[in-house]
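Comments concern the structure below.
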Amino acid sequence: MIKSPKLGLFPVVSAVILTIVVVATLYPFVHMIAVSLSGDVYVIKNEITVWPKGFNVNMYNLVLGDPKIWTAFRNTILYTALGTAISLAVTSMGAYALSRSQMAFRKSLTMLIVFTMFFGGGMIPTYLVVRSLELVDTIWGMALPGAVSTWNLILMRTFFAGIPKELEESGRLDGLNDIGIFFRIMVPLSKASFATIALFYAVSMWNNFQLPLLYLRSPDLFPLQVLLRNLILAGTASSGDVTRIGGDNLIVEESLKYATIMVSTLPILIVYPFVQKYFVKGAMIGAVKG
Amino acid sequence: MAQASATPRPIGKGKPISAPKAHRFKRLWQNNKYLWLLFLPCLIYYLVFRYAPMFGLVITFKNYNLFKGVWNSDWVGLKYYRLFLNNPDFWPLMRNTFLLGLYRLIFGFPAPIILALLLNELRKAAFKRFVQTVSYLPHFISNVIVASMVIMFLSPTGGLVNNILSGLGFEPIHFMNKPEMFRGIYVLSEIWQHIGWETIIYLAALTAVDPQLYEAASIDGASRLRKIWHVTLPGISSAIVITLILNIGQVLEIGFEKVYLMQNPAIYDTADIISTYVYRIGLLQGNFSYGSAIDLFMGIISLIFIYGANWISRRVSETSLW
């Protein structure tokens, strides 16, 4: 773009707006970290804004000392690993088949799949199917009902369709069938796309609240999100511990809750900057083809 | 996406059209068996978890009985649809669902476009990348966390927002107990969570705008804003239209999780929507037929919405999903 000779109002306004966006996004996290690390006296007086006062890690000791949070972390990791593996396998194989021009009925099958983006049986009939398969209150109730995201399937199909036909032909000359071509040629070629789709699946599984709400019953199967909701929103925080530590029950509960939020968000905040480019890449493929 | 499936594609391997039927099927099977094998798990998934529930919708015309099962329960015709249409909750639920989706569309749809335009005008690449990285972040935070943050920040006792208000000399406001505030709070939290992520589609479209158009506009003496109006916006108009159609189609498909997590009985007047009602009254209280009937009713209205949006867009702008 050509640089205009004088600085108008526009760049200033735009810089101000963008700065507001950045602050509005980051400040809530900064505030929660500051409160969770502050002494209760300062929290009660509402003195904490950006920086902790009376620095201590009591709240984190309390949160991490609760065996329930470790069980929930373990469950979440288990569901995320298993769910992502299944989703990635089913989605990539299905997407590859749909991307091949010699695949018979592929247009009808694609229509069949795309239709589910706009219409579905709804919450209760799906629940009845899951229940009749006896998946309720098992790890499979987490891994299977949401295994394929139609959006991700279409993304991968678009990606495979862009791989030159010659690579497939060369595999055929080497005597490979379609399954061999997929696993020996396509998978090694598409590591970046697999990483992108795997990350999409992993994040949606890690964050999922609806699946466990509908399909899990036993507390020892609950993933992190359900535990968090019970601790923070349903107000069942272990208040016995809270009163022992601080004077005003309600206020100290605030820093305890912020500490709980930070403990469960930290894994995402730490991993996010490193994997961000894969997400954007995936969204870009979707955008261009959208 | 649907666009790609609509384009004509070459018929595989140039097989002769006049070949005998049996021979053709044999050939089809030979050419395809491994691909179909790869596709099989995906097909099973869609049949079991997406299409079987659609057939399960017959229970909306039956009095679903736990012991008799879906197929053996007694037929009751349109009883549950009549029940819903005559329910005093019907109009409030429709209104809440529609208005929440509409406000989400009116305020949530332009926001990322404006942000993308501002980002596009930035000259410092490092600052641009920083703003992008930061603004995408909340998209990856779970709804449970976002709802918790909203409720805690708005709490009348020690919540961040009320701290600021009382610092300015105002009385604390019990935000989450006021039905008239729920829609605004919900829409703001949606924008906070997704504005950055939703810019990606527009930023991708912006990279395709020809730089020569900007030069030509500069030579003609166009200002910054005029260039945005006459070059940038037309350049991304098809991305805008496609996103708009998709968003209109989803006006009634408000995410269940977040509304469910943010609502409480004090604000059901505005915060109770179809999906949360179906969960509470249908699933939790065991009214399976009634709940499914509501879901199907809304599903059909939603289908009409997206079909209508697509139809209008095809007439007006020659851009459409299918």
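Tally up the residues in the stretch A:58-107 that are among the aromatic types (Phe, Trp, Tyr), more than 30 Å from B:Leu35 (Cα to Cα) and in contact (Cβ under 8 Å) with a residue 60 or more places away in the chain, please. It would help to see each step written out before you state the result.
Kept after step one, since they are among the aromatic types (Phe, Trp, Tyr), are these residues of the stretch A:58-107: A:60, A:70, A:73, A:79, A:96, A:105.
Adding the requirement that they be more than 30 Å from B:Leu35 (Cα to Cα) leaves A:60, A:70, A:73.
Filter once more, so that each one left must be in contact (Cβ under 8 Å) with a residue 60 or more places away in the chain: A:60, A:73.
Of the residues in the stretch A:58-107, 2 are among the aromatic types (Phe, Trp, Tyr), more than 30 Å from B:Leu35 (Cα to Cα) and in contact (Cβ under 8 Å) with a residue 60 or more places away in the chain.
Out of the stretch B:276-294, which residues are without any contact (Cβ under 8 Å) to a residue 24 or more places away in the chain and facing another protein chain (nearest Cβ under 8 Å)?
B:Val278, B:Tyr279, B:Gly282, B:Leu283, B:Gly291, listed by residue number.
Here is a list: B:Ala217, B:Ala208, B:Ala204. Which entry is within 11 Å of chain A (Cβ to nearest Cβ) and not in a helix (DSSP H, G or I)? If you could, list the steps in order and put the result at the bottom.
On the way: B:Ala217 fails: not in a helix (DSSP H, G or I); B:Ala204 fails: not in a helix (DSSP H, G or I).
Residue meeting the stated conditions: B:Ala208.
How about the stretch A:222-247: which of its residues are modelled with pLDDT of 50 or more and either buried (at least 19 other Cβ atoms within 10 Å of the Cβ) or under 24 Å from A:Lys45 (Cα atoms) (or both)? Explain how you work it out, then say what you get.
Restricting attention to the stretch A:222-247, the residues satisfying the condition of being modelled with pLDDT of 50 or more are A:222-235.
Within the stretch A:222-247, A:Phe222, A:Pro223, A:Leu224, A:Gln225, A:Val226, A:Leu227, A:Leu228, A:Arg229, A:Leu231, A:Ile232, A:Leu233, A:Gly235 meet the criteria.
Hey, can you tell me all the residues within the stretch A:89-118 that are among the hydrophobic types (A, V, I, L, M, F, W, C), surrounded by fewer than 21 Cβ atoms within 10 Å (Cβ to Cβ) and either under 30 Å from B:Phe297 (Cβ atoms) or more than 7 Å from chain B (Cβ to nearest Cβ) (or both)?
Filtering the stretch A:89-118 for residues among the hydrophobic types (A, V, I, L, M, F, W, C) gives A:89-90, A:93, A:95, A:97-98, A:103-105, A:109, A:111-115, A:117-118.
Add one more test, that the residue is surrounded by fewer than 21 Cβ atoms within 10 Å (Cβ to Cβ), and what stays is A:89, A:104-105, A:109, A:111-112, A:114-115, A:117-118.
If the condition is that a residue be among the hydrophobic types (A, V, I, L, M, F, W, C), surrounded by fewer than 21 Cβ atoms within 10 Å (Cβ to Cβ) and either under 30 Å from B:Phe297 (Cβ atoms) or more than 7 Å from chain B (Cβ to nearest Cβ) (or both), then A:Ala89, A:Phe105, A:Leu109, A:Met111, A:Leu112, A:Val114, A:Phe115, A:Met117, A:Phe118 are the ones that fit.
In the stretch B:49-60, what residues are free of Cβ contacts under 8 Å to residues at least 60 places away in the same chain and either crowded, with 19+ Cβ neighbours inside 10 Å or within 7 Å of chain A (Cβ to nearest Cβ) (or both)?
At the first step, the residues of the stretch B:49-60 found to be free of Cβ contacts under 8 Å to residues at least 60 places away in the same chain are B:49-55, B:58.
Scanning the stretch B:49-60 gives B:Phe49, B:Arg50, B:Ala52, B:Pro53, B:Met54.
Name every residue in the stretch B:45-59 that is under 25 Å from the mean Cα position of the chain (by Cα) and not basic (Lys, Arg), in order of residue number.
Step one: list which residues in the stretch B:45-59 are under 25 Å from the mean Cα position of the chain (by Cα), which gives B:45-57.
B:Tyr45, B:Tyr46, B:Leu47, B:Val48, B:Phe49, B:Tyr51, B:Ala52, B:Pro53, B:Met54, B:Phe55, B:Gly56, B:Leu57, listed by residue number.
Is at least one residue of the stretch B:122-144 more than 9 Å from chain A (Cβ to nearest Cβ), farther than 30 Å from A:Gln225 by Cβ and in a loop (DSSP other than H, G, I, E, B)? Walk me through how you get there before you give the answer.
Taking the stretch B:122-144 first, the residues more than 9 Å from chain A (Cβ to nearest Cβ) are B:124-126, B:129.
The next check asks that each one be farther than 30 Å from A:Gln225 by Cβ; those that pass are B:124-126, B:129.
Now restrict to residues that are in a loop (DSSP other than H, G, I, E, B): B:124.
Yes, the conditions are met somewhere in the stretch B:122-144.
Within 30 Å of A:Met262 (Cα to Cα) and modelled with pLDDT under 85, is that true of B:Ile254?
Values: within 30 Å of A:Met262 (Cα to Cα): yes; modelled with pLDDT under 85: yes.
The answer is yes for B:Ile254.
Restricting to the stretch B:220-246, count the residues that are among the polar types (S, T, N, Q) and farther than 15 Å from B:Ala205 by Cα. Give the derivation first.
Applying the first criterion (among the polar types (S, T, N, Q)) to the stretch B:220-246 yields B:223, B:232, B:237-238, B:243.
Filter once more, so that each one left must be farther than 15 Å from B:Ala205 by Cα: B:223.
Final tally of qualifying residues: 1.
Check off (1) touching a Ser or Thr at 6+ places or on another chain (Cβ under 8 Å); (2) at pLDDT below 85; (3) surrounded by fewer than 18 Cβ atoms within 10 Å (Cβ to Cβ) for A:Tyr60 and give me the number that stays unchecked.
For A:Tyr60, the failing item is (2).
Please indicate, with yes or no, whether at least one residue in the stretch B:244-252 is surrounded by fewer than 20 Cβ atoms within 10 Å (Cβ to Cβ), over 30 Å from A:Met284 (Cβ atoms) and not aliphatic (A, V, I, L, M).
Checked against the condition, which is being surrounded by fewer than 20 Cβ atoms within 10 Å (Cβ to Cβ), over 30 Å from A:Met284 (Cβ atoms) and not aliphatic (A, V, I, L, M), the stretch B:244-252 yields no hits at all.
Where the second residue is among the small types (Gly, Ala, Ser) and exposed (fewer than 14 other Cβ atoms within 10 Å of the Cβ) and the first is assigned to a helix (DSSP H, G or I) and lies in the stretch B:165-183, which pairs have Cβ atoms under 7 Å and are six or more apart or on separate chains?
From residues that are assigned to a helix (DSSP H, G or I), the pairs are B:Asn177/B:Ala266.
Could you give me the residue pairs with C-beta distances under 7 Å whose first residue belongs to the stretch B:305-318 and is polar (S, T, N, Q), whose second residue is at pLDDT 80 or above wherever it lies, and which are 6+ apart or on separate chains?
Pairs found: B:Asn310/B:Ile245; B:Ser313/B:Val241; B:Ser313/B:Ile245; B:Ser317/B:Val241.
When the residues of the stretch B:146-175 are narrowed to those that are touching a Leu at 6+ places or on another chain (Cβ under 7 Å) and among the β-branched types (Val, Ile, Thr), which ends up surrounded by the most Cβ atoms within 10 Å (Cβ to Cβ)?
The residue in question is B:Ile151.
Name the one entry in A:Phe183, A:Phe200, A:Phe209, A:Phe222 that is farther than 27 Å from A:Met111 by Cα and either without any contact (Cβ under 8 Å) to a residue 60 or more places away in the chain or within 11 Å of chain B (Cβ to nearest Cβ) (or both).
On the way: A:Phe183 fails: farther than 27 Å from A:Met111 by Cα; A:Phe200 fails: farther than 27 Å from A:Met111 by Cα; A:Phe222 fails: either without any contact (Cβ under 8 Å) to a residue 60 or more places away in the chain or within 11 Å of chain B (Cβ to nearest Cβ) (or both).
None of the other options fit; the residue is A:Phe209.
Of A:Phe29, A:Phe10, A:Phe73, A:Phe55, which residue is touching a Lys or Arg at 6+ places or on another chain (Cβ under 7 Å) and among the hydrophobic types (A, V, I, L, M, F, W, C)?
On the way: A:Phe29 fails: touching a Lys or Arg at 6+ places or on another chain (Cβ under 7 Å); A:Phe73 fails: touching a Lys or Arg at 6+ places or on another chain (Cβ under 7 Å); A:Phe55 fails: touching a Lys or Arg at 6+ places or on another chain (Cβ under 7 Å).
After ruling out the rest, the residue left standing is A:Phe10.
Hey, can you tell me all the residues within the stretch A:19-30 that are within 7 Å of another protein chain (Cβ to nearest Cβ), touching a Ser or Thr at 6+ places or on another chain (Cβ under 9 Å) and buried (at least 18 other Cβ atoms within 10 Å of the Cβ)?
Once the filter is applied, which keeps residues that are within 7 Å of another protein chain (Cβ to nearest Cβ), touching a Ser or Thr at 6+ places or on another chain (Cβ under 9 Å) and buried (at least 18 other Cβ atoms within 10 Å of the Cβ), the stretch A:19-30 yields A:Val21, A:Thr25.
Being crowded, with 22+ Cβ neighbours inside 10 Å, within 10 Å of another protein chain (Cβ to nearest Cβ) and at positive phi, is that true of even one residue in the stretch A:122-143?
Yes, the stretch A:122-143 has at least one match.
Anything in the stretch B:241-267 that is in contact (Cβ under 8 Å) with a residue 12 or more places away in the chain, closer than 30 Å to B:Asn63 by Cβ and in a helix (DSSP H, G or I)? List them, or say none. If you could, list the steps in order and put the result at the bottom.
So in the stretch B:241-267, the residues in contact (Cβ under 8 Å) with a residue 12 or more places away in the chain come out as B:241-264, B:266-267.
Checking the rest, the ones that are also closer than 30 Å to B:Asn63 by Cβ come to B:252-254, B:256, B:259-260, B:263.
Of everything in the stretch B:241-267, those that are in contact (Cβ under 8 Å) with a residue 12 or more places away in the chain, closer than 30 Å to B:Asn63 by Cβ and in a helix (DSSP H, G or I) turn out to be B:Phe256, B:Val259, B:Tyr260.
Take the stretch A:36-53 and flag every residue that is touching a residue at least 40 places away in the same chain (Cβ under 8 Å) and facing chain B (nearest Cβ under 9 Å).
A:Val43, A:Ile44
The values are calculated or read from the model by the stated rules, or taken from the named source; none is laboratory data. Quantities reported herein were computed from a predicted structural model and do not represent experimental measurements. FYI the Cβ positions are ideal-geometry reconstructions off the backbone, even for glycines, and counts take in every protein chain you see.
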